[in-house]
């Protein structure tokens, strides 16, 4: 088999420090990670990079490698001398360079011949920057929900890419734009990120946990004051309109907004007054407006 120059694979000199070696490894691992790299041979190069750092990143392995490999050059046939085959105690390094179990399934014949022993049985599970066995990329789906579902919690049926349907629980206070993960429910066992989107409501405008609603009132209700019914997500309540209120006045209903999924805090509801003028369609109504014009010494401008 061919000798593998681990220093060359990581693009470093033989006297490189451990800290610089780690930097070089991270750079190469990012470059060739199969999930992000566009290189045609990314997966194979990623294996080589992890194998190289598995050896050079540990002082004991690096010393063994330097001693045995000092008379070899990349491309030469490699045959370990008697006593090296299986003579290296791999168990002490079973956690690998980044705390993940490493072993023979992901390593080259050169590595196996050089270190041997338990290396072949440990089974390569992960490298420094990801799993050797690639998991399908997660898929994103949009789930439109009503404001009432977020206010009180609810359940929605979701049709999966497979054609089957499952029921998904919408937690009380779940925020617009947040995602619910459906593990393994996507194509080829991929996860699904279910992005929650609020439907536009006929009454309420949403701003985080706060709600805003417009309340139409008559001119005499604004001038004289009134006690009016106002919608909230928990049901109607009475709201006292102060005398002399103007259109656009904003009134706060504390704690009448949306709940939080993670804390006990609740948003507020704001009521914006909108004065509506009744139409004058009959002669009598028009006469009444003329009388008002005479009686009030007042201009809105």
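Details
- Residue match in segment 12-25 (condition: crowded, with 16+ Cβ neighbours inside 10 Å and under 18 Å from residue 107 (Cα atoms)): yes
- Considered as a group, the residues in segment 26-50 that are in contact with a strand residue (DSSP E or B) (Cβ under 9 Å, 6 or more places away or on another chain) and in a helix (DSSP H, G or I) include one that is surrounded by the fewest Cβ atoms within 10 Å (Cβ to Cβ), and that residue is 47.
- Any hit, segment 213-232, residues being outside the structural domain of residue 179 (by TED's automatic domain parsing), in contact (Cβ under 8 Å) with a residue 40 or more places away in the chain, surrounded by 11 or more Cβ atoms within 10 Å (Cβ to Cβ) and in contact with a helix residue (DSSP H, G or I) (Cβ under 8 Å, 6 or more places away or on another chain): no
- Any chance residue 161 is touching a residue at least 12 places away in the same chain (Cβ under 8 Å), out of contact with any strand residue (DSSP E or B) (no Cβ under 6 Å at 6 or more places or on another chain) and more than 24 Å from residue 255 (Cα to Cα): yes
- Matching residues in segment 167-196 - criterion: being in a strand (DSSP E or B) and either surrounded by 13 or more Cβ atoms within 10 Å (Cβ to Cβ) or not assigned by TED's automatic domain parsing to the domain that holds residue 148 (or both): 168, 170, 179, 180, 182, 192, 193, 194, 195, 196
The values are calculated or read from the model by the stated rules, or taken from the named source; none is laboratory data. All values reported here derive from a predicted model rather than from experimental measurement. Virtual Cβ from ideal backbone geometry, glycine too; neighbours counted across all protein chains shown.
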